[in-house]
Amino acid sequence: MSENYPLPQSAELLAQELDQHPDYKVLRRLTPKEFYSPAIAGQKLMKAVVLDTETTGLQVENDRVIELGMVVFEFDPLHGTIHRVLDVFDELEDPGFTIPSEITAINHITNQMVDGKKINDQKVEQLLSDVQVVIAHNASFDRPFVEERWPIFKEFNWACSIRDIDWKAEGFGSAKLEYLLSTQGIFYEAHRAETDCWALLELLHRLLPQSQQPALLSLMQTLNQAQTKLYAIGAPFDSKGLLKARNYRWAPEIKCWHKTIASETDLRAEFVWLRNKVYRSKRAVVELEKLGGQVRYSLRGGERTTVSLD
């Protein structure tokens, strides 16, 4: 160890001292751990996997997965507590073409690192045995990529730790993984698949400040709620600002604003808001798409129906 740095014991004492001062906030390096909390006697545990990918770009039709990371763990579904890690997986894959330099600048994966490599498909399937849910931080990005490469991922319920937890209501200014962990006093080197998985697992283990329950429990509660994607068909052009402020997203391929609704109560309230604020009591029809866990965040559509707002 360099003599310019204090020994770990003295460094921790310094960190603890700084922690007591109101003008300082100490960040500690993320340390992966295999054991989180004891299992409750008689309580059945379930298996889940946190997943992250590194890819050559953003377009599923043109880009490829170059790294897949997964951490399989057991958890208590009743209390949302993580018990222990069962397995860890991280492999690289040659995309068959040159990795763009701007991608390498982000994740530091070079063409030499992936040259001739292929992710073990059999091992991927083995790790998914008996898994009840796949969790990703921005599942709408990762799910389409892994379903294209490994169709077995279509068979699983998915949860998104960005969208399925109301971070704003919990008092956070951002849903970025690095930021969320920094509020817990933790830092890590992001943008490599396995490291991001460990970071997400640690975040799911932590208590949310407002609801005072593990983040994983909040995620599981949302997973069990039926979600509906609401399409505001034919919304007037001048309502763009209203829709955007209410967290609607623009789908350019169908030229329509849409929003995912988590409950029937919220859906009925959204009908009222659309009728009064967007369509201004004029005759209007919206489209609903049911999003179960096996469809949510994929490129595959759910069952669709239309509803009149008259």
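Determine which member of the set Phe73, Phe89, Phe97 is at pLDDT 95 or above and surrounded by fewer than 16 Cβ atoms within 10 Å (Cβ to Cβ).
The conditions single out Phe97.
Criterion applied to Glu270, Glu253 was being of a type in the set (Asp, Glu) and in contact (Cβ under 8 Å) with a residue 12 or more places away in the chain, and the one residue passing it is Glu270.
If you scan region 74-110, which residues turn out to be β-branched (Val, Ile, Thr) and in contact with a Ser or Thr (Cβ under 8 Å, 6 or more places away or on another chain)? Write out each step before concluding.
Looking only at region 74-110, we keep the residues that are β-branched (Val, Ile, Thr), and these are 81-82, 85, 88, 98-99, 103-104, 106, 109-110.
Thr81, Ile82, Ile99, Ile103, Thr104, Thr110, listed by residue number.
Restricting attention to region 262-294, the residues being under 20 Å from Ala136 (Cα atoms) and modelled with pLDDT of 90 or more number 0. The single condition among (1) free of Cβ contacts under 8 Å to residues at least 60 places away in the same chain; (2) in contact with a Leu (Cβ under 9 Å, 6 or more places away or on another chain); (3) not assigned by TED's automatic domain parsing to the domain that holds Phe141 that Ala245 does not meet is (2).
Given (1) in contact with a helix residue (DSSP H, G or I) (Cβ under 9 Å, 6 or more places away or on another chain); (2) outside the structural domain of Arg28 (by TED's automatic domain parsing); (3) closer than 30 Å to Thr53 by Cα, where does Leu291 come up short, assuming only one miss? All conditions pass for Leu291, except number (1). Pairs meeting the criteria (first residue in region 69-88 and within 25 Å of Phe145 (Cα to Cα), second residue in a loop (DSSP other than H, G, I, E, B) and charged (D, E, K, R), beta carbons under 8 Å, at least 6 apart or on different chains) are Gly69/Arg192; Val85/Lys33; Val85/Glu34. Residues in region 49-67 that are hydrophobic (A, V, I, L, M, F, W, C) and within 25 Å of Arg206 (Cβ to Cβ): Val49, Val50, Leu51.
Residues in region 111-130: is at least one aliphatic (A, V, I, L, M) and in contact with a Ser or Thr (Cβ under 6 Å, 6 or more places away or on another chain)? No, region 111-130 contains no residue that is aliphatic (A, V, I, L, M) and in contact with a Ser or Thr (Cβ under 6 Å, 6 or more places away or on another chain).
When region 273-291 is filtered for residues that are over 14 Å from Thr306 (Cβ atoms), in a helix (DSSP H, G or I) and touching a residue at least 40 places away in the same chain (Cβ under 8 Å), only Val278 remains. Just one of the listed residues (Glu148, Glu178, Glu194, Glu155) is in the same structural domain as Leu27 (by TED's automatic domain parsing), touching a residue at least 12 places away in the same chain (Cβ under 8 Å), buried (at least 18 other Cβ atoms within 10 Å of the Cβ) and among the acidic types (Asp, Glu), namely Glu194. Considering only residues that are under 24 Å from the mean Cα position of the chain (by Cα), outside any helix (DSSP H, G or I) and at negative phi, which ones fall in region 105-143? Scanning region 105-143 gives Ile109, Ile119, Asn120, Leu128, Ser129, Val131, Gln132, Val133, Val134, Ile135, Ala136, His137.
The values are calculated or read from the model by the stated rules, or taken from the named source; none is laboratory data. Everything numeric in this text was worked out from a predicted model, so none of it was measured. Counting neighbours? That spans all protein chains shown, and the Cβs are built from the backbone with ideal geometry, glycine included.
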